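The values are calculated or read from the model by the stated rules, or taken from the named source; none is laboratory data. Just so it is clear, the structure is predicted and the values come from calculations on it, not from any experiment. Note that each Cβ is placed from the backbone with ideal geometry, even for glycine, and that neighbours are counted across all protein chains shown.
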Amino acid sequence: MKQIAIMGPTASGKTALSIDIAQKTNSIILSLDSLAVYKEIDIASAKPSLEEREGIVHFGIDEVMPNETFDVIEFLKTYERAKEFAKNNSQNLIIVGGTGFYLKILLEGISLGVEKDSPLEESVQETHSMLLALDEAYMKKISTNDSYRVQKAFSIYKQTGLVPTTYFKENPKVPIAPELELFEILWDREELRSRISQRTEIMLNDGIIDEVISLESKYSREPNSMKSIGILETLEYLDGHLTKDELIQKIALNTSKLAKRQVTFNKGQFNGRQTANVIKSLNSEILKSF
């Protein structure tokens, strides 16, 4: 069984490319999209429809309800299910999506044991200062305003009594899929913005407003899934804070910002990947690897 990963920013064409490759290589697909995991969030997530999947088995799509959680532990379980399915059916596995954090975990592994966050006892900045005094080597790499990483570091210290450097030394990460080959779709910035604008228009035409109305009536605005790009702006529109034109512009703008963050993350985290700004060219390169 061969495993490859196709990564790239949102709206870069990963989904269509992965389905095309899967058809040609007897593969199944594991989605790395953080919103497509939710059932009933179809338009806002731009997940492929059953027709668009063209009979290719997908994992990582419609895994949980919008008011349920899906974290890294759930992702790893989903990966193992997809891998087992591919093996049992003599198929290959294509991993595709924009959530680079999950891809990084597959390549580098994860130190398990601190799965739930401990609530901060002081502000993010004060917690950072406290941890910096205890573990300068680790904390100097983390911004004082990086609430996510500061809380993770604090949770390790609070729950284990060890500073992060010592904890990770005693609990080394073990790669989960070290043999994974990476392929990245790259676009010129302006061309990607154009693709994002086009997709936003399609989302509006397909009925994202009605979808968000339905989601809010069933699940309220509390779940994390309801704070996602596309949904959050539509709620602003429903509250009367945006016109429809402003809604389209704001979704496109925030999606473009997300795409920029994704490109930056991938550039900083992944080395030795095949890249191409023409999907046809990348298609050819991927097929050569099988």
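Just one of (1) at pLDDT 90 or above; (2) out of contact with any Pro (no Cβ under 9 Å at 6 or more places or on another chain); (3) among the small types (Gly, Ala, Ser) trips up Ser225, so point out which.
Only one criterion in (1) at pLDDT 90 or above; (2) out of contact with any Pro (no Cβ under 9 Å at 6 or more places or on another chain); (3) among the small types (Gly, Ala, Ser) is unmet by Ser225, namely (2).
Looking only at residues that are assigned to a helix (DSSP H, G or I) and in contact with a Ser or Thr (Cβ under 6 Å, 6 or more places away or on another chain) in segment 104-138, which one is surrounded by the fewest Cβ atoms within 10 Å (Cβ to Cβ)?
Looking at the filtered set, the residue picked out is Ala137.
Scan segment 49-75 for residues that are among the charged types (D, E, K, R) and outside any loop (DSSP other than H, G, I, E, B) and jot them down.
In the first step, residues of segment 49-75 are kept if they are among the charged types (D, E, K, R); the result is 51-54, 62-63, 68, 71, 74.
Listed by number, the residues that qualify are Glu51, Glu52, Arg53, Glu74.
When you go through (1) surrounded by fewer than 17 Cβ atoms within 10 Å (Cβ to Cβ); (2) β-branched (Val, Ile, Thr); (3) within 30 Å of Ile29 (Cβ to Cβ) one by one for Thr99, which number turns out not to apply?
If we test Thr99 against (1) surrounded by fewer than 17 Cβ atoms within 10 Å (Cβ to Cβ); (2) β-branched (Val, Ile, Thr); (3) within 30 Å of Ile29 (Cβ to Cβ), just (1) comes out false.
Quick one: would you say Ala86 is assigned by TED's automatic domain parsing to the domain that holds Met226 and more than 26 Å from Val263 (Cβ to Cβ)? Break it down stepwise before answering.
Details: assigned by TED's automatic domain parsing to the domain that holds Met226: yes; more than 26 Å from Val263 (Cβ to Cβ): yes.
Taking the combined requirement at face value, the residue satisfies it.
Rundown of residues vs (1) among the hydroxyl-bearing types (Ser, Thr, Tyr); (2) assigned to a loop (DSSP other than H, G, I, E, B); (3) not assigned by TED's automatic domain parsing to the domain that holds Tyr79, yes/no style:
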site: Pro9; (1), (2), (3): no, yes, no
site: Ser12; (1), (2), (3): yes, yes, no
site: Ala16; (1), (2), (3): no, no, no
site: Ile21; (1), (2), (3): no, no, no
site: Lys24; (1), (2), (3): no, no, no
site: Ile28; (1), (2), (3): no, no, no
site: Asp33; (1), (2), (3): no, yes, no
site: Ala36; (1), (2), (3): no, yes, no
site: Ile41; (1), (2), (3): no, yes, no
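Which of (1) in contact with a helix residue (DSSP H, G or I) (Cβ under 7 Å, 6 or more places away or on another chain); (2) in a helix (DSSP H, G or I); (3) assigned by TED's automatic domain parsing to the domain that holds Val72 does Glu191 not meet, given it meets every other one?
Glu191 satisfies every listed condition except (1).
If I go through segment 56-73 residue by residue, how many of them are at pLDDT 95 or above and either surrounded by 15 or more Cβ atoms within 10 Å (Cβ to Cβ) or out of contact with any Lys or Arg (no Cβ under 8 Å at 6 or more places or on another chain) (or both)? Steps first, answer last, please.
Just the residues of segment 56-73 that are at pLDDT 95 or above, to begin with: 56-68.
Keeping just the survivors that are either surrounded by 15 or more Cβ atoms within 10 Å (Cβ to Cβ) or out of contact with any Lys or Arg (no Cβ under 8 Å at 6 or more places or on another chain) (or both) gives 56-63, 65-68.
Here the count works out to 12.
List every residue pair whose Cβ atoms lie under 8 Å apart, where the two residues are 6 or more positions apart in sequence or sit on different chains, the first residue falls within segment 41-53 and is closer than 20 Å to Glu68 by Cβ and modelled with pLDDT of 95 or more, and the second residue, located anywhere, is of a type in the set (S, T, N, Q) and surrounded by fewer than 17 Cβ atoms within 10 Å (Cβ to Cβ).
As it stands, the answer is Asp42/Ser49, since those pairs meet every condition given.
Hey, can you tell me all the residues within segment 6-48 that are surrounded by fewer than 19 Cβ atoms within 10 Å (Cβ to Cβ) and touching a Lys or Arg at 6+ places or on another chain (Cβ under 9 Å)?
The answer is Gly13, Thr25, Glu40.
Look at segment 217-256 and say how many of its residues are surrounded by fewer than 16 Cβ atoms within 10 Å (Cβ to Cβ) and either polar (S, T, N, Q) or within 13 Å of Ile41 (Cα to Cα) (or both).
7
Please go through segment 259-290 and pick out each residue that is at pLDDT 90 or above and of a type in the set (Gly, Ala, Ser).
Result: Ala259, single match.
Would you check if there is a residue in segment 199-210 being within 24 Å of the chain's Cα centre (by Cα), on the phi < 0 side of the Ramachandran plot and not assigned by TED's automatic domain parsing to the domain that holds Thr69?
No, that holds for no residue.
Considering every residue within segment 225-242, establish whether at least one is of a type in the set (Asp, Glu) and closer than 30 Å to Tyr79 by Cα.
No, every residue in segment 225-242 fails to be of a type in the set (Asp, Glu) and closer than 30 Å to Tyr79 by Cα.
Would you please name the residue that is surrounded by the most Cβ atoms within 10 Å (Cβ to Cβ), looking only at residues in segment 155-174 that are in contact (Cβ under 8 Å) with a residue 24 or more places away in the chain and part of a loop (DSSP other than H, G, I, E, B)?
Looking at residues that are in contact (Cβ under 8 Å) with a residue 24 or more places away in the chain and part of a loop (DSSP other than H, G, I, E, B), I get Val163.
Quick one: Lys152 ticks every box in (1) in the same structural domain as Lys14 (by TED's automatic domain parsing); (2) free of Cβ contacts under 8 Å to residues at least 60 places away in the same chain; (3) within 27 Å of Tyr38 (Cα to Cα); (4) of a type outside the set (Gly, Ala, Ser) bar one, so which box is it?
With (1) in the same structural domain as Lys14 (by TED's automatic domain parsing); (2) free of Cβ contacts under 8 Å to residues at least 60 places away in the same chain; (3) within 27 Å of Tyr38 (Cα to Cα); (4) of a type outside the set (Gly, Ala, Ser) applied to Lys152, the lone miss is (1).
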